[in-house]
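K.L.:
My questions all concern the structure below.
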Amino acid sequence: MWIYGGPLKLQMRGGQPEVIKMENKGVFTKIFAIAGTVLIWFPLLAPIVFLLAGLVTRGVFRFDYLMPAELFPSALAGGALLFWAAFRAKARISLIGWGLGSAVFLLVGSQTLAVVTGLANGTSKTVNWAYAVVLAALIGFVLALVAVGVGGALLLRDVFKKDSS
């Protein structure tokens, strides 16, 4: 039976009806959650891995702070998988959904502002108010991806948790 927009099951316990939320923690939900979490964390950890590799091999400190934005297709695919897994498991939907929506909004907003103000093609100076706003939006984008990644880790914990009943 469908009540309040989600699958629920009525069960009689001690002569009283009890409504139980049906959660799907099947193999596909687990695969989606694992793949989504890996894809979400990839753009966040790749710059750190390359930084450490360059530091060890060449002794040069190079940090590409734009790499999470450049690898956004991976994050978007991972976020979509995580959102679908969260919807199936009925857990962490709002954290993953709001985080993914915020990440998309902040990335599109920062890139639009960079194009409109001339930062994207180099016709504007990089030290002005627009640069600060674009950089703040990129930082917000990375923080939103971190929130989705944490939501994915929590979803993995929820999906792989043994039921106590």
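K.L.:
If you check S74 against the conditions, is it closer than 21 Å to F42 by Cα, of a type in the set (S, T, Y) and part of a helix (DSSP H, G or I)? I'd like the intermediate steps shown before the answer.
P.N.:
Numbers: closer than 21 Å to F42 by Cα: yes; of a type in the set (S, T, Y): yes; part of a helix (DSSP H, G or I): yes.
In short, yes.
K.L.:
Something else: Looking only at residues that are at pLDDT below 75 and surrounded by 10 or more Cβ atoms within 10 Å (Cβ to Cβ) in the stretch 12-53, which one is farthest from L81 (Cα to Cα)?
P.N.:
Step one: of the stretch 12-53, the residues at pLDDT below 75 are 12-23.
Of the ones still in play, those that are also surrounded by 10 or more Cβ atoms within 10 Å (Cβ to Cβ) are 18-23.
On the way: E18: 32, V19: 28, I20: 25, K21: 22, M22: 20, E23: 17 Å.
Ranking the qualifying residues of the stretch 12-53, first place goes to E18.
K.L.:
Can you give me the number of residues within the stretch 54-71 that are surrounded by fewer than 11 Cβ atoms within 10 Å (Cβ to Cβ), in a helix (DSSP H, G or I) and not polar (S, T, N, Q)?
P.N.:
Result for the stretch 54-71: 1.
K.L.:
Moving to a separate point now. Say whether the condition of being in a helix (DSSP H, G or I), surrounded by 12 or more Cβ atoms within 10 Å (Cβ to Cβ), in contact (Cβ under 8 Å) with a residue 40 or more places away in the chain and touching a Leu at 6+ places or on another chain (Cβ under 8 Å) is met by at least one residue in the stretch 112-121.
P.N.:
no
K.L.:
So F87 clears everything in (1) in contact (Cβ under 8 Å) with a residue 24 or more places away in the chain; (2) assigned to a helix (DSSP H, G or I) except one condition, right? Which one?
P.N.:
Single failed check for F87: (1).
K.L.:
Here is a list: T117, T112. Which entry is in contact with a Ser or Thr (Cβ under 9 Å, 6 or more places away or on another chain) and hydroxyl-bearing (S, T, Y)?
P.N.:
Working: T112 fails: in contact with a Ser or Thr (Cβ under 9 Å, 6 or more places away or on another chain).
Result of the check over T117, T112: T117.
The values are calculated or read from the model by the stated rules, or taken from the named source; none is laboratory data. Bear in mind that the values here come from a model prediction, so they are computed numbers and not experimental data. In this analysis, Cβ positions are derived from the backbone assuming ideal geometry, glycine residues included, and neighbour counts consider all displayed protein chains.
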